[in-house]
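Below you'll find the structure, written out as structure tokens, and then a few comments.
The values are calculated or read from the model by the stated rules, or taken from the named source; none is laboratory data. Keep in mind that what you see is a predicted model, and the values were worked out from it rather than measured. Neighbour counts run over all protein chains shown; Cβ positions are idealised from the backbone, glycine included. Keep in mind that these areas ignore ligands, DNA and RNA; they rest on the heavy atoms of the full protein, side chains included. Shrake-Rupley method; radii C 1.70, N 1.55, O 1.52, S 1.80 Å.
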Amino acid sequence: MELKYVVACDFGQTYDYSTVAVTERVLEEVGKPYEHTTRAVDGSRRHEVRQDLEGLYRLVRLDRVPLRTRYTTIAKGIVKLVRELYRKQLEEAPAVPAIPYPRDRGRQITVGLSIDEGGVGKAVRDILLQEMIDNIPKNEPKVKFYPVTVHGGANTSRDNGFWHVPKRDLISAGLVCYQNKTLKVGALRWRDVLEQELVNYRLKVNISTSNVAFESLRSGQHDDLLFAVCLACWTWEQALPKQKYTTL
């Protein structure tokens with residue numbers, strides 16, 4: 001089954017908020033159906049009718065965790081949220097059965113989980129993984145895990161499932177989706193604060209090194225909501241394959 005939800009988490013330290021953003025991908029038809037022919041290795045041809053698709057993202061939930069909340073409590077909340085999204089998908093697609101992992105993985109409902117692994121993120125990751133092992137039954141969702149470390153360099157790399165991403169690329173992913181209206185933000189509690197964080201960010205260029213980075217206009221400005229949303233958008237745009245068409 002195509003991935004429908006990504007839960008993105010930014011973990012703060014003592015005086016920084018931890019934030020959880022849930023985005024939903026919606027595939028919309030673009031243009032008219034068309035015939036497409038592919039040729040197999042043996043020379044045979046296959047004819048099919050395709051419909052192009054465009055992926056849009058809906059920010060359906062945005063939570064800012066109270067300061068000094070224990071990471072074990074945050075992990076429990078994330079696991080609870082993942083299971084809620086699983087049950088929601090079951091209700092929306094009742095024909096898709098809950099199939100015990102790992103049998104028939106292709107049909108199993110999957111929820112994406114992307115976390116900021118920088119700072120305290122490494123320690124929280126271990127807590128979160130253990131919480132998933134202990135409290136997600138094997139017949140419930142398969143969790144597709146995307147641990148991301150953000151750095152100030154220029155190149156994105158991937159090593160054994162761990163992503164290393166420039167901050168400018170991660171922030172750009174969210175800003176572009178927001179500006180192009182690829183990202184739809186609902187009437188959420190923290191929407192006004194999120195939009196203020198967007199306004200407060202600027203592009204900074206170091207003339208001596210030509211390095212490009214994003215930073216807050218004001219020192220001490222929180223950017224946790226923006227970071228979590230951008231992490232979700234980056235995951236959809238860069239870490240996940242895009243479904244460009246469907247066969248009719």
Pairs, first closer than 14 Å to Val193 by Cβ in the stretch 61-75, second among the basic types (Lys, Arg) and not in a strand (DSSP E or B), C-beta under 8 Å, six or more apart: Leu62/Arg189; Leu62/Arg191
The stretch 153-164 residues that are farther than 17 Å from Gly121 by Cβ, paired with ones that are open to solvent by less than 60 Å² (accessible area, probe 1.4 Å) and not in a strand (DSSP E or B) (beta carbon under 7 Å, 6 or more apart): Thr156/Asp169
Answer residue from the stretch 189-211, given it is of a type in the set (A, V, I, L, M) and open to solvent by 40 Å² or more (accessible area, probe 1.4 Å) and is modelled with the highest pLDDT among those: Val193
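Please determine whether any residue of the stretch 175-187 is over 19 Å from the mean Cα position of the chain (by Cα) and open to solvent by 30 Å² or more (accessible area, probe 1.4 Å). Please lay out each step first, then the result.
Kept after step one, since they are over 19 Å from the mean Cα position of the chain (by Cα), are these residues of the stretch 175-187: 187.
Imposing the further condition that a residue be open to solvent by 30 Å² or more (accessible area, probe 1.4 Å) reduces the set to 187.
Checking the stretch 175-187: at least one residue is over 19 Å from the mean Cα position of the chain (by Cα) and open to solvent by 30 Å² or more (accessible area, probe 1.4 Å).
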Test result for Tyr15, surrounded by 12 or more Cβ atoms within 10 Å (Cβ to Cβ) and at pLDDT below 95: no
Unmet criterion (only one of (1) within 17 Å of the chain's Cα centre (by Cα); (2) at pLDDT 95 or above; (3) surrounded by fewer than 20 Cβ atoms within 10 Å (Cβ to Cβ)) for Lys76: (1)
Yes/no for Ser172 being among the small types (Gly, Ala, Ser), modelled with pLDDT of 90 or more and open to solvent by less than 70 Å² (accessible area, probe 1.4 Å): no
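Based on what the data block shows, is Thr38 loosely packed, with under 14 Cβ neighbours inside 10 Å and either touching a residue at least 12 places away in the same chain (Cβ under 8 Å) or outside any loop (DSSP other than H, G, I, E, B) (or both)?
Details: loosely packed, with under 14 Cβ neighbours inside 10 Å: yes; either touching a residue at least 12 places away in the same chain (Cβ under 8 Å) or outside any loop (DSSP other than H, G, I, E, B) (or both): yes.
Criteria met by Thr38.
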